[in-house]
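First up is the structure itself, then whatever we jot down about it.
The values are calculated or read from the model by the stated rules, or taken from the named source; none is laboratory data. Model, not experiment: these values are computed from the prediction. Please note: Cβ atoms are built from the backbone with ideal geometry, for glycine as well, and neighbour counts cover all protein chains shown.
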Amino acid sequence: MSDDVLTERARVQSGIEGRTLVDILADTVREHGDRPAYSDKHHVPEGESWRTLTWAQTRELALDVAAGLVELGVAPGDTVAIMATNRIEHYVADIAAVHAGATPMSIYNTLAPEQVAYVAGHARPAVVFVEDAAYRDRWATALDEVDSVRRVVRLDADWDELVAAGTAYRAAHPGEVEARAAALAPDSPATILYTSGTTGHPKGVVMTHHNVLYETMSTQEAAGLTGAQTGVSYLPLAHIAERVLGLYGPQAQGSHMHAIGDPTQLLAALGEVHPTAFFGVPRVWEKIRTGLTAKLAADPDPANRAMVEESMAAALAWVEAQEVGGTMTPEIEAAYRAADERILGFLKLLLGLDQVTWAGSAAAPMPVDVARFMAGLGLKVYDVYGMTETCGAVTANGPGGFRLGTVGRANPGMEVRLGEDGEILVRGPVNTPGYYRQDDATRALIDDDGWLHTGDIGTLDDDGFFAVVDRKKELIITSAGKNVAPSNIESYLKESPLIGHAMAIGDNRPYVVAILTLDGEIAPLMAQQLGIEFTDLADLAAKPEIRAMVQQSVDAANARLSRPEQVKSFELLPVEWTAESEELTPTLKLKRRVVNAKYSDVVDRLYG
């Protein structure tokens, strides 16, 4: 380890030494207790748009719920499961479990009953919080099979009773919850996250308080996320990015988060909230680009379209001038300011992104064409890289240095390097101590020298910027021995607003083929504009005009690909892939093995 890395690590750790999430929250309440903490759309007071708790109210309610958990028999070290949408009670339940000395674990809402039963059997929670009766039904199998659960608390029916019981217990047993919270140590588990799992059973990733606090502080610094922010929380709280940005970071900064229970309402919520910081997985940024592109293309005035193109070119030049190695000139600055005043500021206002000072992306590499489109609005979307097992980001772009098409440089105090085969390896204070009750899997993840093997193939340039090529196990090696990164092909295919999802196939095959789906929102709008009559998405996918347009999109992608990468044939499916479907993870990443198995007949046909 270099002296610089050691110095940076010691500096970050000096600010969190011996501390836990309990200490960080108490500090924020002392300094900023009257600031708004969490808002949502449940039980909204008359005349208001949101229900809101301050930081002082959030902590006080969490202490009551913690006391309620203690009364229910939750012991220090027990696990507490939460399966609910993003709402105030979800955050409070999580914070409460911590203060009770337990380990909270948010469970993906999309898990099937048998998957819930597996997680419950593995983690053995003492108490389970669920959104409502429908969510409880998904726990029915687990509750029949697992004897650890003392109580199921429905947020829509049992919450007030639990709070009241906790309030009474605190009054009768003053200081008990505080004593439990004070007994926590930096290496105590702060959460266990069961990875969504593209194959097999999910693994429980243990995150300690030290992991969480180091990640929060180092990423905020690297990303330039300083001071209290206004944000939206819409990704599942079972996802590490949402926990860091929506749960842990706000506790440290005193930020105000608006919880979006239904992710389909995200764009509408942006228009209400106008966040100062916004994080989107690549698919969210793709959808924003697709929607705006469709609106701009619908303008019948060619002069307006030309003006927008010219303005976006000026903004792209302005962003590129700020990259490492770029040069800003007065002319570039003036051209951008004029373009922003003329039209770009209005477009950002239309998207609800006009107040954004920090925009980020992760979970999968951000397609560079999407990043460049956002740059054309004057938005620098800082791509970062990490995984659940590293408690989130280990590299980040930020105001201190960024380069489009990369995931940034190593965060302060983190060691990140490439293995002999190009695999990204990570060592540092954010690495998980291991998988919960799975020692063999932990040994496969972290080697004897402490390097965590990410499974991602990357590149590293002379300025220290990493880029992610693809998952190590997902690289296509054709029967001719050519190595092909499917994500590159898929990014080009999805540049078409018609195409919602794309999966390239070709491992051990003579050439590459693709399975495609239509974009469920944009494709119908385009069809209506073209006067194409259809009944549903399946009918639309069969229309010769649509298939011809998709073929043009494939041809356009092929023109930018090398011969071994080019798609020789494709199938346009009559269905859409969504977060609720089998084909995608909750963060909208492809489950490649599921697609290969589910559509094996399609693959055979494409190679027939």
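Take the conditions (1) under 25 Å from Gly33 (Cβ atoms); (2) touching a Gly at 6+ places or on another chain (Cβ under 8 Å); Thr226 misses just one of them, which is (2). Looking only at residues in the range 381-428 that are touching a Phe, Trp or Tyr at 6+ places or on another chain (Cβ under 7 Å) and surrounded by fewer than 22 Cβ atoms within 10 Å (Cβ to Cβ), the one that is nearest to Leu6 (Cα to Cα) is Arg427. If I filter the range 190-210 for residues that are within 28 Å of Ala359 (Cα to Cα), part of a helix (DSSP H, G or I) and touching a Ser or Thr at 6+ places or on another chain (Cβ under 7 Å), do I get at least one hit? Yes, the range 190-210 contains a residue that is within 28 Å of Ala359 (Cα to Cα), part of a helix (DSSP H, G or I) and touching a Ser or Thr at 6+ places or on another chain (Cβ under 7 Å). Consider the range 338-397 and keep the residues that are over 25 Å from Arg417 (Cβ atoms) and of a type in the set (S, T, N, Q). The one that is modelled with the highest pLDDT is Gln355.
Look through Asp187, Asp156 and report the one residue that is within 22 Å of Glu17 (Cβ to Cβ), in contact (Cβ under 8 Å) with a residue 12 or more places away in the chain, acidic (Asp, Glu) and in a loop (DSSP other than H, G, I, E, B). Break it down into steps so the answer makes sense when it comes.
Values: Asp156 fails: within 22 Å of Glu17 (Cβ to Cβ).
Of the residues listed, the single one that is within 22 Å of Glu17 (Cβ to Cβ), in contact (Cβ under 8 Å) with a residue 12 or more places away in the chain, acidic (Asp, Glu) and in a loop (DSSP other than H, G, I, E, B) is Asp187.
Looking only at the range 223-245, count how many residues are closer than 23 Å to Asp23 by Cα and in a helix (DSSP H, G or I). Final tally of qualifying residues: 6. Against the test of being small (Gly, Ala, Ser), in contact (Cβ under 8 Å) with a residue 60 or more places away in the chain and either closer than 22 Å to Leu63 by Cα or part of a helix (DSSP H, G or I) (or both), the options Gly101, Gly121 yield a single qualifying residue, Gly101. Considering only residues in the range 514-571 that are surrounded by fewer than 19 Cβ atoms within 10 Å (Cβ to Cβ) and β-branched (Val, Ile, Thr), the one that is farthest from Ser496 (Cα to Cα) turns out to be Thr535.
Exactly one residue among Ser188, Ser233 is surrounded by fewer than 20 Cβ atoms within 10 Å (Cβ to Cβ), at pLDDT 95 or above, among the polar types (S, T, N, Q) and at negative phi, and that residue is Ser188.
If you go through the range 559-587 and keep only what is touching a helix residue (DSSP H, G or I) at 6+ places or on another chain (Cβ under 9 Å) and under 17 Å from Leu606 (Cα atoms), you end up with Glu565, Gln566, Val567, Lys568, Ser569, Phe570, Glu571, Leu572, Leu573, Pro574.
Counting only strands (runs of 3 or more DSSP E) that fall entirely inside the range 460-535 and contain at least 1 residues that are under 19 Å from Ala294 (Cα atoms), the qualifying elements are 499-505, 512-518.
So which residues in the range 558-586 are of a type in the set (A, V, I, L, M) and over 22 Å from Asn596 (Cα atoms)?
Filtering the range 558-586 for residues of a type in the set (A, V, I, L, M) gives 559, 561, 567, 572-573, 575, 579, 584.
Matches in the range 558-586: Ala559, Leu561.
Scanning the range 50-91 for residues that are in a loop (DSSP other than H, G, I, E, B) and more than 24 Å from Ala172 (Cα to Cα) yields Trp50, Ala84, Thr85, Asn86, Arg87.
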